[in-house]
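The values are calculated or read from the model by the stated rules, or taken from the named source; none is laboratory data. Remember, it's a predicted structure, so these values are computed and weren't measured experimentally. Here the Cβ is made from the backbone with ideal geometry for all residues, glycine too, and neighbour counts use every protein chain on show. What goes into the accessible areas is simple: the full protein's heavy atoms, side chains included, and nothing from ligands, DNA or RNA. Shrake-Rupley method; radii C 1.70, N 1.55, O 1.52, S 1.80 Å.
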Amino acid sequence: MRVAYVIFNLRVGKGGHSFSLSATASSLSPDLSDIKIIDISQNDSFVLSSTKRACYERIPYDNPLSLLKRLKLELAGEFDVIHCFDDFSYILVRIALIGKKLPLVLTKCGGGNPKYYFPNSDYLVCYSKENYKFFLSNEKHRNLYLIPN
């Protein structure tokens, strides 16, 4: 199985989301044939680029149109599953792959429950019990999974 992990980082990419993605990709890597981490960021992330058995690619976000084109090129036709580690990268991937029928997974890595908006996803993974309980009461998310820290 070929999996692409996508994450959006404002700065350096050494926060909790990056560590969660790295740990997830490393723990699943023996079962996967191809793993790629796409980091939408202005700077390379040491945490993500040093993830075992994963190919690391950084896409800068200077120009929204070129970002979407590059995402489409990086993801189209190569992967069986695309796994996004934040809601912003999930939205960007959905826009970039309009019309494509690829399974998209969204992970809520923790933090507070959303107050106003959270994207609808067919597959949602929660890393905290509080988030899991919150989304369990929301029927938009059909396939909900809990992976506690």
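Quick look at the values:
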item: Looking only at the range 50-81, and only at residues there that are out of contact with any Pro (no Cβ under 8 Å at 6 or more places or on another chain) and part of a strand (DSSP E or B), the one that is farthest from Ser33 (Cα to Cα); result: Ile59
item: Elements of type strands (runs of 3 or more DSSP E) contained in the range 82-149, each with 1 or more residues being surrounded by 18 or more Cβ atoms within 10 Å (Cβ to Cβ), of a type in the set (Ser, Thr, Tyr) and in contact with a Lys or Arg (Cβ under 8 Å, 6 or more places away or on another chain); result: none
item: Yes/no for Val6 being crowded, with 21+ Cβ neighbours inside 10 Å and assigned to a strand (DSSP E or B); result: yes
item: Residue pairs meeting the criteria (Cβ under 9 Å; at least 6 apart or on separate chains; first more than 14 Å from Asp44 (Cβ to Cβ), in the range 9-24; second aromatic (Phe, Trp, Tyr) and modelled with pLDDT of 80 or more); result: His17/Phe8; His17/Phe85; Ser20/Phe85; Ser20/Tyr127; Leu21/Tyr5; Leu21/Phe85; Thr24/Tyr5; Thr24/Phe85
item: Whichever residue in the range 37-62 is open to solvent by less than 70 Å² (accessible area, probe 1.4 Å) and of a type in the set (D, E, K, R) and, among such residues, is modelled with the lowest pLDDT; result: Glu57
